[in-house]
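Data block below; observations after.
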Amino acid sequence: MKILVTGAAGFIGYHVSQKLLQNQHYVVGLDNINSYYDVDLKYARLEQLGINREKAESFNVPVKSDSSEKFQFVRMNLEDREQLPKLFEIEKFDVVCNLAAQAGVRYSLENPESYVDSNIVGFLNILECCRNNGIKHLVYASSSSVYGLNKKVPFETSDHVDHPISLYAASKKSNELMAHTYSHLFGFQTTGLRFFTVYGPWGRPDMAMFLFTKAILDNEPIKVFNNGKMERDFTYIDDIVTGVVRIIQNDHTESYDPDKKYKVYNIGNNDSVRLMDFISAIENKLNITSQKNMLPIQPGDVEKTWADVSSLINDYGYAPNTSIEEGVGNFIDWYKSFYNI
C-alpha cells in the first residue's frame, strides 16, 4: 500500500513510518516541523529515515530517502489548501494516517490559535482531500484528554466526553465529530485512536519521561504535580505502533456497519500506573534519588487516566505487554546515547 503519514517527524509518526517501511509499504511522510519543541530532535528522527536535513527544510518540496526507496518526505502545513490537495492528486494514497497535530494540554492555554489552525482547519483539509481522492481509510490521532472531567475508570469509548478541560481536548473531540460527519456523508472509513500517555525512545521533550530524566541527570529538582497523587496509563511506543500499524494494514471492514464506517478506539496500556512508581522506575534505572518539588495540580490536568482497550483487543488482537521497568530502561538508554551522556 501507499500510505501518507502526517506528523512523520514527530514521536509517534516517526516510529509508525519506520514500522510501515519495515513491512514493505510505500510511505510519504509529512510534517511542518514547527518549533513547539526542539527541531533538532525532529530532524534527527527524519535522518533515521534517510532524509537529509538541508533538503527537508524547504516547504512543499518532496525529498527522497537515502536509505529506503519506499520513503519520501515533504515539509508542509496541514492547513495549506493549495499544496495538500496537489500532494493527494499526485501520490494517490490508499490509506492516510493523520498523526500531525499541535500537541500539549498546557501549551493550549498560551497559544490557542495554533490548535485551531492545525487541529481543526488542518484536519478539515485532510478530510476534504480524503473525500475528493477516493481514500479508503483514514486513521487519525485523537487523545485521552477528551475524557476531561470523567471520574469513572477505566475510560471506555462509550463514556460521555462532553466536558473537555483544555482547548487541546476540545480540538480532538472536534476531530472525532468531523470524522463521523465525513464517514456518514461520503462513505469512507475513519478510525480514531484516543492515545494515552505514550513514552519511549525518541520521545517528546515536553513529556514527563523526558523532563524527569533530564532534571535528575542535571541534578535539578523534578516538578511533581498534584503532590504526586496522579495516575497515568503510561504506554510504551512499540505497543502503540503495533496497534496503529495493525489498523492501517487490516481495516476490518467486515466489522463495520456499512451505514456507519466510523469507529473510535482507546489505545493505551490497559492499566494505570501511579506517578510516584513511574518516578521510582526512572530513579532505579539511573541509580539516583531525585529531588522533588511537590506542586498543586495544573489547569487542564486530570488526576487519573486508564484506558479500556477491550475493543482494540477484540478487533485487532492488540496486546500491550511492555513493563514500565523495561520501557523506562529503553528510554534512558536511548537518552544517554542521543545526548552522549
Next item on the list: Mark the label point 7 Å from the Cα of Ile341 along Cα→Cβ and return the residues of segment 191-228 whose backbone N is within less than 11 Å of it.
Entry: 210-220
Checklist line | Partner lysines for Lys214 [C-alpha distance under 20 Å; skip if fewer than 8 residues away on the same chain] | finding: Lys42, Lys223, Lys285, Lys292, Lys336
Next item on the list: Check each of the GluC sites (Glu not before Pro) in segment 300-341 and keep only those in coil by DSSP with at most 10 other C-beta atoms within 10 angstrom; list them in order.
Entry: none
Notebook entry, point to check: Taking every eigenvalue of the Cα gyration tensor of segment 206-326, multiplying by 5 and rooting it, what semi-axes result, largest first, whole Å?
Noted result: 35, 16, 11
Check: Got a sec? How would Ile288, Ile126 order by Cβ neighbour count within 10 Å, fewest to most?
Finding: Ile288, Ile126
Item checked: Inter-label distance, nm, simple model (7 Å from Cα along the C-beta direction), Thr289/Asn219 -> 1.7 nm
Check: What's the exposure ranking of Thr6, Thr213, going from fewest to most Cβ atoms within 10 Å?
Finding: Thr213, Thr6
Notebook entry, point to check: Counting Lys and Arg as +1 and Asp and Glu as -1, what is the net charge of the other residues whose Cβ lies under 14 Å from the Cβ of Asn219?
Noted result: -1
Notebook entry, point to check: Where in segment 104-177 are there chymotrypsin sites (Phe, Trp or Tyr not before Pro) that are in a DSSP coil and have at most 12 other Cβ atoms within 10 angstrom of their Cβ?
Noted result: none
Notebook entry, point to check: Could you give me the ³J(HN,Hα) list for segment 329-336, computed from phi with Karplus coefficients 6.51, -1.76, 1.60 and θ = phi - 60°, whole Hz, x at Gly and Pro?
Noted result: x, 5, 5, 5, 4, 5, 4, 5
Check: What is the local net charge at Gln72, summed over the other residues whose Cβ is closer than 13 Å to its Cβ (Lys, Arg +1; Asp, Glu -1)?
Finding: +1
Check: Among Ile12, Ile135, Ile90, which comes first, second and so on when ranked by fewest other beta-carbon atoms within 10 Å?
Finding: Ile90, Ile135, Ile12
Note to self: As an exercise, identify the GluC sites (Glu not before Pro) in segment 36-70 lying in DSSP coil whose Cβ has no more than 15 other Cβ atoms within 10 Å.
What the structure shows: Glu57, Glu69
Check: Number of Lys-Lys pairs in segment 81-198 under 22 Å by Cα, sequence gap 8 or more or different chains?
Finding: 7
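Indicate, rounded to the nearest 5 percent, the antiparallel portion of the DSSP beta bridges found entirely in the chain.
Counting DSSP beta bridges with both partners in the chain, the antiparallel share is about 10 percent.
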Margin query: When 1/r is averaged over all different Cα pairs and the result inverted, which Kirkwood radius in Å belongs to segment 10-115?
Written below: 14.5 Å
Check: Just for segment 185-341, what percent of DSSP beta bridges are antiparallel, to the closest 5?
Finding: 20 percent
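Run the dipole for the chain about the Cα centre, Lys and Arg Cβ at +1, Asp and Glu Cβ at -1, nothing else charged, and hand back the magnitude in debye, nearest 20.
That gives the chain a dipole magnitude of about 60 debye.
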Check: For segment 1-97, what proportion of DSSP beta bridges, expressed in % and rounded to the nearest 5, is antiparallel?
Finding: 10 percent
Item checked: Volume per residue that the Cα convex hull of segment 97-185 spans, once the total is divided by residue count, Å³ -> 98 Å³
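FYI, it's all coordinate maths here, none of it is from the lab. None of these values were measured; they are calculated from a predicted model. Virtual Cβ from ideal backbone geometry, glycine too; neighbours counted across all protein chains shown.
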